[in-house]
Amino acid sequence: MAELRTGSVTNFDAWKHAYAARAANLSVSEVRALFSVVSRPEVVSLAGGMPDVSALNGELIEQAFQSLMANRRNYALQYGGGQGDVRLREQIQEIMALDGVHGSVEDLMITTGSQHALELLADLFLDQGDVVLVEAPSYVGAVGIFRHKEAHIEHVFTDNEGISPEALAEAADRLIEQGKKVKLLYLVPNFANPSGVTLTAERRQQVLEVCRERGILIIEDNPYGLLYFDQKPPQAMRAMDDEGVVYLGSFSKILSPGLRVGYVLAPPAIREKLVLANESAILSPATFAQMLISEYLSITDWQGQIETYRQLYKTKRDAAIEALGQYLPRVETTHPAGGFFLWLTLPEGLNSKEMLPLAVNELVAYTPGTAFYGDGRGANNIRVCFSHPTAENVKVGIKRLSNVVNLQLDL
Ligand code: PMP
């Protein structure tokens, strides 16, 4: 049977007495635990949410690199400001405008990927026991951060139109009534990780109202918004409210995650604190990576590259949907209109985590649904990430997955 690293770490630790209590909340992400398995070439990985960087035009990146070395080398190799490079922030304004978001350069800050923005925000807002409302299911990396901050993570009912405003209001009021501080709503409104679902325009307005009325700050995390397959998703929530929403973006999915550059647009008072927190944590975001991206954006057809990604992921999404219909007709799936993911619901009673070693034996890996909940739900769900394997391998992977699932169903 294939060996899986399932999250246990070494038992011998001479420093157990010295850790802060909250270190106990650091758990190995089920996604990262899969990395050693999925790197085996014979395994088709539908697990980690990785972009297909083989679709990047390497020559353009090289041109950006050469231009950077020729023109801005000393700057690129030096420390930078804690808020990030001004020219890059101006360029980010153009990218955000594609989502209908207009924010000033002063209110933008560069981070080490948007994961880092989430960490800074959670640190800034969440004391132990404070409530953060999230979708059901929610992004594993955010759930991990909130758990580490010892926050109360409340999953709110979410369907194919996104989070339910009624359920949101009900959950917030119930928790406020219990005397809890309901501080944040964390959302991935476009092509969500892990569900692939997009929040409708109507619900965006309603969600804004629910939060405004109750003084709940919205974190709108939007790494996938530009990766739509047919039509643009509805306007960003930040476009409708610049005081109540902190907006996160990233170059990881529209360019490359290896560069580790993301950004956060926040109301001025929050942004001031974020910059102080950024400086305290890392002094400055990586100047070299920022400059390389800035050069890339100024000398290449970066929108053309995004269009290439869109077409590619659409082909892979189609391959996944076709294979699911063919091989797993008894399994429910979402139909993402963009992004990287779809979300499977297996019949009650099946356990996707227990099935994983069997799947790896069949040479396919996926992420079990429980990774996307802070409360143990998701046992009969699977996140399928179709972005990284070739379209052909997406089909092969789903066929292999069906061998395991159908066997369980027939037992
Ligand atoms: N938010 C969401 C919803 C994500 O899917 C990811 C990456 N998987 C991130 C944030 C973090 O991305 P990065 O730090 O690479 O910008």
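The values are calculated or read from the model by the stated rules, or taken from the named source; none is laboratory data. None of these values were measured; they are calculated from a predicted model. Cβ: placed from backbone, ideal geometry, glycine included. Neighbour counts: every protein chain shown.
Points to keep in mind about this one:
- Only one of the listed residues (L255, L184) is in contact with a helix residue (DSSP H, G or I) (Cβ under 9 Å, 6 or more places away or on another chain) and in a loop (DSSP other than H, G, I, E, B). That residue is L255.
- For the stretch 204-233, a residue qualifies if it is of a type outside the set (A, V, I, L, M, F, W, C), away from the ligand (no atom under 16 Å from the Cβ) and under 21 Å from I153 (Cβ atoms), and the qualifying residues are R214, G215.
- If the condition is being in contact with a strand residue (DSSP E or B) (Cβ under 7 Å, 6 or more places away or on another chain) and farther than 22 Å from L56 by Cα, then the stretch 211-232 contributes C211, R214, I216, L217, I218, I219, E220, D221.
- Qualifying residue in the stretch 128-150 (condition: of a type in the set (K, R) and in contact with a Leu (Cβ under 9 Å, 6 or more places away or on another chain)): yes
- If you go through the stretch 166-185 and keep only what is free of Cβ contacts under 8 Å to residues at least 60 places away in the same chain and within 16 Å of the ligand (Cβ to nearest atom), you end up with just L185.
- Residue list for the stretch 360-410, restricted to those being assigned to a helix (DSSP H, G or I) and within 18 Å of T158 (Cβ to Cβ): G369, T370, A371, F372
- If you go through the stretch 123-139 and keep only what is farther than 14 Å from P189 by Cβ and among the aromatic types (F, W, Y), you end up with just F125.
- Residue that is farthest from the ligand (Cβ to nearest atom), among those in the stretch 241-250 that are in contact (Cβ under 8 Å) with a residue 60 or more places away in the chain and more than 25 Å from Y313 (Cα to Cα): D242
- Checked against the criterion of being surrounded by fewer than 19 Cβ atoms within 10 Å (Cβ to Cβ) and not in a helix (DSSP H, G or I), the stretch 310-326 contains not a single residue that satisfies it.
- Within the stretch 211-229, residues that are of a type in the set (V, I, T) and at pLDDT 95 or above sit with their Cβ atoms under 8 Å from residues that are within 14 Å of the ligand (Cβ to nearest atom) and not in a strand (DSSP E or B), at 6+ positions apart or across chains, in these pairs: I219/L118; I219/L121.
- Screening R238 against (1) more than 16 Å from the chain's Cα centre (by Cα); (2) part of a loop (DSSP other than H, G, I, E, B); (3) within 16 Å of the ligand (Cβ to nearest atom) leaves a single unmet condition, (2).
- Members of the stretch 113-143 found to be within 11 Å of the ligand (Cβ to nearest atom) and farther than 19 Å from Y224 by Cβ, listed by number: E119
- G103 vs. criteria in contact (Cβ under 8 Å) with a residue 12 or more places away in the chain and within 14 Å of the ligand (Cβ to nearest atom): no
- Where S280 falls short, out of the listed (1) surrounded by 18 or more Cβ atoms within 10 Å (Cβ to Cβ); (2) free of Cβ contacts under 8 Å to residues at least 60 places away in the same chain: (1)
- Candidates in the stretch 251-274 are the residues that are near the ligand (Cβ under 8 Å from one of its atoms) and surrounded by fewer than 20 Cβ atoms within 10 Å (Cβ to Cβ); of these, the one that is nearest to N57 (Cα to Cα) is P257.
- The listed residues are I306, I321, I282, I299, and the only one of them that is of a type in the set (V, I, T), within 16 Å of the ligand (Cβ to nearest atom) and farther than 18 Å from H116 by Cα turns out to be I306.
- Filtering the stretch 76-103 to residues that are over 22 Å from Q305 (Cβ atoms), surrounded by fewer than 19 Cβ atoms within 10 Å (Cβ to Cβ) and in contact with a Leu (Cβ under 9 Å, 6 or more places away or on another chain) leaves only Y79.
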